[in-house]
Every structure is written in structure tokens, then in C-alpha cells.
Amino acid sequence: MIRRAIYPGSFDPVTNGHLDIIERAAGLFDELIVAVAKNIGKDPMFSLEERMEMLRETCRDKKNVRVDSFDGLTVRFAKAHDAQVIIRGLRAVSDFEYEFEMALMNRRLDENIEMVFMMTNAEYSYLRASIVKEIADFGGPVAGLVPPIAEEYLKRKLRAARND
Ligand code: ADP
């Protein structure tokens, strides 16, 4: 049996914290599908296509990782792709409560799908996409926080916003 996991998120944009989880998860499973949420409540900075493109570029050399998008229930996407596991990253205690609720609800929706939580790398425990966007917005340096392609996309987006 192929062990397949999905790693869902908004990836607006992909950060080095996400990448760290992707790399470690890819080492644990035969296949990893990075699943980009189509609708993310919070006003997204990047379109679905842009978010996927950044991930595709970043994961190009990872042979068992592919990037896809989804809408609706994560467990349904997992089931439709024959994935047995949903990966989530945990940064701090503050992530726990939400993730705990989601995990219990997901199990209720589909008891055959297991949620697996991976601890952040200490280096990235403070890193979230919203902070990266704030720093970039104020002209601060984001090198080292996001992969180079996301840095480029952020610069381009902010340049375009300034010229509006
Ligand atoms: P963010 O919280 O950065 O906006 P997402 O909503 O796209 O990211 O989150 C997708 C998944 O990645 C979630 O499980 C989240 O906890 C995890 N994640 C995000 N940033 C990190 C990080 N720095 N370290 C570990 N996991 C992370």
C-alpha cells in the first residue's frame, strides 16, 4: 500500500516553516500532497494560482511531493486522493486548541483518516505567513523567512500595490 499524506494550508505565502514540515513529512511518507486551500477567509494577499506556483517552484526537486488545491472539507480531499494521513504543524501551545478541535471533528467526519502533528523546528516557531506579510509591507527584510521565490513574489506584489 502506498502511504500518502496531505499537508493542507493557505500558504499565503509559503514560508520556511512550511518548507521544513514539507521536507520532514516527505521523508515519512511515499507521497505527500501539499493541498492549498482555495478559499481562505482572511483576505489573501496572493491568488490561489500564485500560492500554488510558489509552492511548485519551491518543491520542484522533491520527487514525492506534489501541489494541488482543494475546497471544502479536508477529510474529503484526503479520501478522494487515497491519503490516510493529514499532516499539520504545531508551533506553540496557541496552535494546540484549534488543532485539537479540528482533529476531533475530522475524526468524527472520517475515522479512517489520521491527523499527524509535527513540531516546528525551534528556528521557525515564531514564523507565520501573516507576520511575513507585515514585515514585507513595512519594507523589512524577509530573506531567511521564506524561500527565494516567495521573496520575489512579495516584492512584486508590494511594488504593484505602491504603483496603484
Ligand atoms: P500560517 O499559519 O503560516 O498562515 P497556514 O495556515 O498555511 O500557515 O498553515 C498550514 C499548516 O502549517 C498549519 O498546520 C500550521 O500550523 C503549519 N505551520 C505554519 N507555519 C509553521 C511553522 N513555522 N512551523 C511549523 N508549522 C507551521
For this session: Only one of these is in a loop (DSSP other than H, G, I, E, B) and of a type in the set (Gly, Ala, Ser): Gly41, Gly17. Name it.
Result: Gly41
Problem set entry | Criterion (part of a helix (DSSP H, G or I), of a type outside the set (Phe, Trp, Tyr) and under 21 Å from Ala35 (Cα atoms)) met by exactly one of Glu99, Glu134, Glu123 | Glu99
Exercise. Looking only at residues in segment 20-36 that are within 12 Å of Arg3 (Cβ to Cβ) and assigned to a helix (DSSP H, G or I), which one is nearest to the ligand (Cβ to nearest atom)?
Worked result: Ala25
Exercise. Filtering segment 63-92 down to residues that are aliphatic (A, V, I, L, M) and closer than 30 Å to Glu151 by Cβ, which residue is surrounded by the most Cβ atoms within 10 Å (Cβ to Cβ)?
Worked result: Ile87
For this session: Scan segment 56-79 for residues that are out of contact with any helix residue (DSSP H, G or I) (no Cβ under 8 Å at 6 or more places or on another chain), not acidic (Asp, Glu) and not in a helix (DSSP H, G or I) and jot them down.
Result: Arg60, Lys63, Arg66, Gly72
Problem set entry | Within segment 137-164, tally of residues that are part of a helix (DSSP H, G or I) and within 12 Å of the ligand (Cβ to nearest atom) | 1
Seminar exercise, completed: Flagged in segment 34-62 as within 22 Å of Val85 (Cα to Cα) and crowded, with 22+ Cβ neighbours inside 10 Å, in numbering order, are Val34, Ala35, Val36, Leu55
For this session: Return the pairs, sorted by first residue and then second, in which the second residue is within 14 Å of the ligand (Cβ to nearest atom) and of a type in the set (Gly, Ala, Ser), the first residue lies in segment 126-150 and is at negative phi, the beta carbons are less than 6 Å apart, and the residues are 6+ apart or on different chains.
Result: Leu127/Gly17; Val142/Ala136
Exercise. Which condition number does Thr120 fail, the rest of (1) at pLDDT below 95; (2) within 10 Å of the ligand (Cβ to nearest atom); (3) farther than 17 Å from Asp12 by Cα; (4) surrounded by fewer than 16 Cβ atoms within 10 Å (Cβ to Cβ) being met?
Worked result: (4)
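The values are calculated or read from the model by the stated rules, or taken from the named source; none is laboratory data. The structure displayed is predicted, hence computed values, not measured ones. FYI the Cβ positions are ideal-geometry reconstructions off the backbone, even for glycines, and counts take in every protein chain you see.
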